[in-house]
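Report on one structure; see the data block that follows.
Computed from the coordinates by the stated procedures, all read-outs in this text should not be read as laboratory data. Since the structure is predicted, the reported quantities are computational estimates derived from the model, not experimental observations. Positions of Cβ are generated from backbone atoms using ideal geometry, with glycine treated the same way; all protein chains shown enter the neighbour counts.
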Amino acid sequence: MIIAIDGPAASGKGTLARRLAAALGYAHLDTGKLYRAVGWAVARAGGDPGDPQTAEAAARSLDLGLLGDPALSSDEAGMAASKVAALPGVRAALLDFQRAFAAQPPDGARGAVLDGRDIGTVVCPGADLKVFVTASLEVRAQRRLLELRQNGQDVKEEVVKRDMRERDDRDRTRSVAPLVPADDAVVLDTSLLTPDQALAAVMGLLAKRGQ
Ligand SMILES: Nc1ncnc2c1ncn2[C@@H]1O[C@H](COP(=O)(O)OP(=O)(O)O)[C@@H](O)[C@H]1O
Ligand SMILES: Nc1ccn([C@@H]2O[C@H](COP(=O)(O)OP(=O)(O)O)[C@@H](O)[C@H]2O)c(=O)n1
């Protein structure tokens, strides 16, 4: 069983995917972390995340041990991620790992929940359930601001909002794997939902489908 959760920044897809996986006993992969790790590796070394050769080399030699680095949650890492993510060679280099995770989830789990931007459209087009999570830009920016500040990061509201808009625009308009709901995705607007309510909505969908 494969569940694909896609959506824009801070829509709540990661929270939903993590909780869904815990509730079902499935494995969870936050695919945004892969792009953040590549973008951050390039930026930290003083490189340009928009440079195809540098970014592709970083994607091909990605150290999965870096995925737990707290620096990946920063606004700067998110911006670097969205620049490397627009490059076809970077996406190609990360595709096999994501597909293998979905096909053979670690620790013998019977299913996998993947969250990102293109899970339902490119990584797992045959997923059993696809959810496209949305929320208004205002709500998403406030959530991210709170999250970054709770993590001890000193960030300005207008910068977080501006970067989020820029990142969303780049993700939606890139030529390869743009952020768009799959034709068969269920759209879930979490603007007025708590994490519990979002989880209940998807558990309800699964129950209705007999899964
Ligand atoms: N339904 C929700 N209501 C309120 N806050 C939420 C909700 N879902 C997630 N959050 C919070 O918003 C922030 C971003 O959520 P996250 O799941 O990381 O978003 P995404 O993975 O889409 O970037 C986190 O601090 C999370 O706790
Ligand atoms: N499947 C994915 C996941 C992330 N990404 C890119 O990686 C960036 C960071 O993703 P993320 O999921 O960690 O970002 P947030 O939604 O947590 O802010 C996004 O802005 C996208 O550019 C992608 O292109 N495809």
Taking region 180-200 and keeping residues closer than 16 Å to residue 135 by Cα and in contact with a Ser or Thr (Cβ under 9 Å, 6 or more places away or on another chain) leaves 180, 181, 185, 187, 188, 189, 190, 191, 195, 197, 198, 199
Output the number of the condition that residue 186 fails; it satisfies all remaining conditions of (1) of a type outside the set (Lys, Arg); (2) away from ligand 1 (no atom under 14 Å from the Cβ); (3) within 19 Å of residue 91 (Cβ to Cβ). (3)
Filter result (among the hydrophobic types (A, V, I, L, M, F, W, C) and within 16 Å of ligand 1 (Cβ to nearest atom)) within region 7-39: 9, 10, 16, 17, 20, 21, 22, 23, 29, 34, 37
Buried (at least 22 other Cβ atoms within 10 Å of the Cβ) and in contact with a Pro (Cβ under 7 Å, 6 or more places away or on another chain) - does that describe any residue in region 99-113? yes
Residues that are among the β-branched types (Val, Ile, Thr) and either over 25 Å from residue 126 (Cβ atoms) or outside any strand (DSSP E or B) (or both), drawn from region 157-207: 159, 160, 173, 176, 180, 190, 194, 202
Taking only region 61-99 into account, find how many residues are under 16 Å from residue 29 (Cβ atoms) and touching a residue at least 40 places away in the same chain (Cβ under 8 Å). 6
Which condition breaks for residue 153 when tested against (1) surrounded by 16 or more Cβ atoms within 10 Å (Cβ to Cβ); (2) in contact (Cβ under 8 Å) with a residue 12 or more places away in the chain? (1)
If we ask which residues in region 21-47 are farther than 22 Å from residue 171 by Cβ and buried (at least 22 other Cβ atoms within 10 Å of the Cβ), their number turns out to be 1
Among (1) over 25 Å from residue 203 (Cβ atoms); (2) touching a residue at least 60 places away in the same chain (Cβ under 8 Å); (3) within 15 Å of the chain's Cα centre (by Cα), residue 124 falls short only on (1)
I'm checking my understanding of the structure. Among residues of region 156-174 that are closer than 14 Å to residue 78 by Cα and of a type in the set (Val, Ile, Thr), which one is surrounded by the fewest Cβ atoms within 10 Å (Cβ to Cβ)? 159
